[in-house]
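To keep things clear, I will list the structure first and then write my remarks on it.
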Amino acid sequence: MSDAVNDNVLIIDFGSQVTQLIARRLREAGVYTEILPCTVDPARITAAVPRGIILSGGPNSVAMADTPRAPQAVFDLGVPVLGICYGQQTMCQQLGGRVEPGTSREFGRATLDIIDECLLFDGLWPVGGSRTVWMSHGDHVAALPPGFRVVATSAGAPYAAVADDERRLYGVQFHPEVVHTDEGAELLSRFALGVCGCSGRWSMTAYRSRAIAAIRAQVGDGKVICGLSGGVDSSVAAVLLHEAIGAQLTCVFVDHGLLRAGEAEEVVALFGGHYNIPLIHRDASDLFLGRLDGVSDPEAKRKIIGASFIEVFEEEANRIEGAGFLAQGTLYPDVIESISAAGGDAVTIKSHHNVGGLPDHMKLALVEPLRELFKDEVRELGRELGLPETLVGRHPFPGPGLAIRVPGEITAEKLDILRAADLVYLDEIRKAGLYDEIWQAFAVLLPVRTVGVMGDARSYEYVCALRAVTSSDGMTADSYPFSHDFLARTATRIVNEVKGVNRVVYDVTSKPPGTIEWE
């Protein structure tokens, strides 16, 4: 590992929905960060040699005896520790304080009053000032451990921020990682750089060099197969691998016939042509559409697509003589999710579908060069590698492709109609200069038809729904506020240019934490 990675802060996760945001904020400050579950082997904490540790929030109550606690190694290492919400509470309880159910809960924005100075606040939050912070708690600290003092309060939390400067232990009841907290990112940066003494030198250039060296060390002179979908993750992984091992890499592109207009041709032209990466293009669209014939349940569609992908991918992989490695674009959120769910590392082929397991008989070792990165960091690495912005900045596309944007039964005719409508929609978004403001935009062909009059004739055609959302992390989403003129212009083009659609609607539903896709 490079010095920039050794210069790290660990996050111990107690199950908060926003734990990943802590890591993102620290990486934005140039500090390498790794998330470990609270059930982690203490030896792994020690082996990481962290400069500091952050204890995340979580849904449990410290006041209950059987809820998670921080491994004792966290406090035995003698490094700075910052507890956030549940993390603050368990730290105080474990070190001799007391936590009890709150008489007045706090959820949402609250005013934090800074009443004393401490190393965590130094140069950022002066005594006598106040900040708006985001609270989400029922319990609260009722008595401090020896050595701690109160440095900030709120209406519902008398110990909203506590400090022990001598041992460099700090706790905050609020969530600095969310955007609703004033200068929250700066507070986390202050902890990592000012309190822990991290250099802030972690960068994508450094990651690129280290990743290439790691790929070469793992693969040696072996051959690698990479499942290429044309999405951001697999594309960046493929180019990084090609830079590391050249002709030892072969990409397999399984075209399931559920891509957007022109995408298959783009993948072949870019990777097989421009980058000259050995590429196997398997057009299996007839196979997939045949197996999806008459299937309307979205989960059944996913399973069929996943199983069929594994089958086709394996057929092509078996034709590559001497291959010993399978490369995939596993990202850090995938790793975190798999560890939390199963207590181990990811073992699925992460490609179009994210539902198929790696068959035991394939006997391929996994190469996952992106497993330490978040989505926005993958895009940054793609730019570092020189990938075109049209690919790096592309909106997320679901694993099962257009299969879940055609609710109900899928036919080739419906897919053609949807592709044409989606093409017009995205064209209007780009012409309006809005593409980069939107996290994800797509059209959906609804399983209903309406009667309309077009010209002098009645029509009986499909309804097309349009969706566009903004999001910073993919966890929550708000509908994009298009103008009426934009929607009217786009709807008119779709109805005029796309045979099979006579009505267009816009979905303004916002999404709470969870999936953003339409299913």
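The values are calculated or read from the model by the stated rules, or taken from the named source; none is laboratory data. This structure is a prediction, so every number in the text was calculated from the model and none was measured. Virtual Cβ from ideal backbone geometry, glycine too; neighbours counted across all protein chains shown. To get the accessible areas, we keep the full protein, side chains included, count just its heavy atoms, and leave off ligands, DNA and RNA. Shrake-Rupley method; radii C 1.70, N 1.55, O 1.52, S 1.80 Å.
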**Report entry** Among (1) surrounded by fewer than 21 Cβ atoms within 10 Å (Cβ to Cβ); (2) closer than 26 Å to PHE75 by Cα, the one test that PHE121 misses
**Finding:** (1)
Requested in this report: Please indicate, with yes or no, whether at least one residue in segment 217-225 is within 23 Å of GLU372 (Cα to Cα), open to solvent by less than 50 Å² (accessible area, probe 1.4 Å) and assigned to a helix (DSSP H, G or I).
Outcome: yes
Query raised in the report: For LYS414, which of the numbered conditions (1) over 30 Å from VAL495 (Cα atoms); (2) modelled with pLDDT of 95 or more fails to hold?
Result: (1)
Requested in this report: Could you tell me whether segment 157-177 includes any residue that is open to solvent by 10 Å² or more (accessible area, probe 1.4 Å), within 16 Å of CYS85 (Cα to Cα) and either in a loop (DSSP other than H, G, I, E, B) or in contact with a helix residue (DSSP H, G or I) (Cβ under 6 Å, 6 or more places away or on another chain) (or both)?
Outcome: yes
Report task. Give the residue that is modelled with the lowest pLDDT, with candidates limited to residues of segment 315-338 that are in a helix (DSSP H, G or I) and open to solvent by 30 Å² or more (accessible area, probe 1.4 Å). Result -> GLU337
Report task. Would you mention how many residues in segment 372-410 are in contact (Cβ under 8 Å) with a residue 60 or more places away in the chain and under 30 Å from GLY294 (Cα atoms)? Result -> 14
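Would you mind stating whether ARG149 is touching an Asp or Glu at 6+ places or on another chain (Cβ under 8 Å), open to solvent by 40 Å² or more (accessible area, probe 1.4 Å) and under 16 Å from GLY184 (Cα atoms)?
Working: touching an Asp or Glu at 6+ places or on another chain (Cβ under 8 Å): yes; open to solvent by 40 Å² or more (accessible area, probe 1.4 Å): yes; under 16 Å from GLY184 (Cα atoms): no.
No: the conditions fail for ARG149.
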Requested in this report: Consider VAL444 carefully, then state whether it is at pLDDT 95 or above and within 29 Å of LEU289 (Cβ to Cβ).
Outcome: yes
Requested in this report: Just name the residue that is surrounded by the most Cβ atoms within 10 Å (Cβ to Cβ) out of those in segment 195-209 that are within 21 Å of the chain's Cα centre (by Cα) and in a loop (DSSP other than H, G, I, E, B).
Outcome: TRP202
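Looking at ALA63, is it under 20 Å from PRO158 (Cβ atoms) and part of a loop (DSSP other than H, G, I, E, B)? Before you say what the answer is, go through the steps one by one.
Details: under 20 Å from PRO158 (Cβ atoms): yes; part of a loop (DSSP other than H, G, I, E, B): yes.
So ALA63 passes the test.
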Report task. List the number of the failed condition for ARG493; all other conditions in (1) open to solvent by 20 Å² or more (accessible area, probe 1.4 Å); (2) modelled with pLDDT under 95 hold. Result -> (2)
**Report entry** Check on GLU117, out of contact with any strand residue (DSSP E or B) (no Cβ under 9 Å at 6 or more places or on another chain) and either closer than 22 Å to GLY194 by Cβ or part of a loop (DSSP other than H, G, I, E, B) (or both)
**Finding:** no
Query raised in the report: Which residues, counting only those in segment 75-92, are more than 18 Å from ARG149 (Cβ to Cβ) and under 27 Å from the mean Cα position of the chain (by Cα)?
Result: ILE84, CYS85, TYR86, GLY87
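Does ILE212 meet the test of being of a type in the set (Val, Ile, Thr), without any contact (Cβ under 8 Å) to a residue 60 or more places away in the chain, surrounded by fewer than 24 Cβ atoms within 10 Å (Cβ to Cβ) and touching a Pro at 6+ places or on another chain (Cβ under 9 Å)?
On the way: of a type in the set (Val, Ile, Thr): yes; without any contact (Cβ under 8 Å) to a residue 60 or more places away in the chain: yes; surrounded by fewer than 24 Cβ atoms within 10 Å (Cβ to Cβ): yes; touching a Pro at 6+ places or on another chain (Cβ under 9 Å): yes.
Taking the combined requirement at face value, the residue satisfies it.
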Query raised in the report: Among the residues of segment 78-103 satisfying the criterion of being at pLDDT 95 or above, of a type in the set (A, V, I, L, M, F, W, C) and farther than 17 Å from ALA152 by Cβ, which is most open to solvent (accessible area, probe 1.4 Å)?
Result: LEU95
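Would you check if LEU26 is modelled with pLDDT under 95, in a helix (DSSP H, G or I), open to solvent by less than 20 Å² (accessible area, probe 1.4 Å) and not small (Gly, Ala, Ser)? Give the steps one after another, and end with the answer.
Values: modelled with pLDDT under 95: yes; in a helix (DSSP H, G or I): yes; open to solvent by less than 20 Å² (accessible area, probe 1.4 Å): yes; not small (Gly, Ala, Ser): yes.
Considered against the rule, which asks whether it is modelled with pLDDT under 95, in a helix (DSSP H, G or I), open to solvent by less than 20 Å² (accessible area, probe 1.4 Å) and not small (Gly, Ala, Ser), LEU26 comes out as yes.
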Query raised in the report: Across segment 428-457, what is the total count of residues that are open to solvent by 40 Å² or more (accessible area, probe 1.4 Å), in contact (Cβ under 8 Å) with a residue 40 or more places away in the chain and assigned to a helix (DSSP H, G or I)?
Result: 2
Report summary line: For ASP164, the lone unmet condition from (1) touching a residue at least 24 places away in the same chain (Cβ under 8 Å); (2) in contact with a strand residue (DSSP E or B) (Cβ under 9 Å, 6 or more places away or on another chain) is (1)
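Kindly establish whether ALA192 is open to solvent by less than 10 Å² (accessible area, probe 1.4 Å), under 13 Å from PRO80 (Cβ atoms) and of a type in the set (A, V, I, L, M, F, W, C). Break it down stepwise before answering.
On the way: open to solvent by less than 10 Å² (accessible area, probe 1.4 Å): yes; under 13 Å from PRO80 (Cβ atoms): yes; of a type in the set (A, V, I, L, M, F, W, C): yes.
Taking the combined requirement at face value, the residue satisfies it.
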Query raised in the report: Looking only at residues in segment 274-302 that are of a type in the set (Lys, Arg) and within 27 Å of the chain's Cα centre (by Cα), which one is nearest to GLU321 (Cα to Cα)?
Result: ARG302
Requested in this report: Would you point out which residue out of GLY408, GLY399 is more than 20 Å from GLY230 (Cα to Cα), modelled with pLDDT under 95, touching a Lys or Arg at 6+ places or on another chain (Cβ under 9 Å) and open to solvent by less than 30 Å² (accessible area, probe 1.4 Å)?
Outcome: GLY408
Requested in this report: Using the structure shown, decide if GLU413 is touching a residue at least 40 places away in the same chain (Cβ under 8 Å) and surrounded by fewer than 16 Cβ atoms within 10 Å (Cβ to Cβ).
Outcome: yes
**Report entry** Filter result for ARG503 (part of a strand (DSSP E or B), in contact with a strand residue (DSSP E or B) (Cβ under 7 Å, 6 or more places away or on another chain) and open to solvent by 40 Å² or more (accessible area, probe 1.4 Å))
**Finding:** yes
Query - Hits in segment 262-308 (condition: open to solvent by 40 Å² or more (accessible area, probe 1.4 Å), part of a loop (DSSP other than H, G, I, E, B) and in contact (Cβ under 8 Å) with a residue 24 or more places away in the chain) - result: TYR275, PRO278, ASP293, GLY294, SER296
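Any chance you could count how many residues in segment 451-487 are closer than 26 Å to ALA441 by Cα and either at pLDDT 85 or above or touching a strand residue (DSSP E or B) at 6+ places or on another chain (Cβ under 7 Å) (or both)?
23
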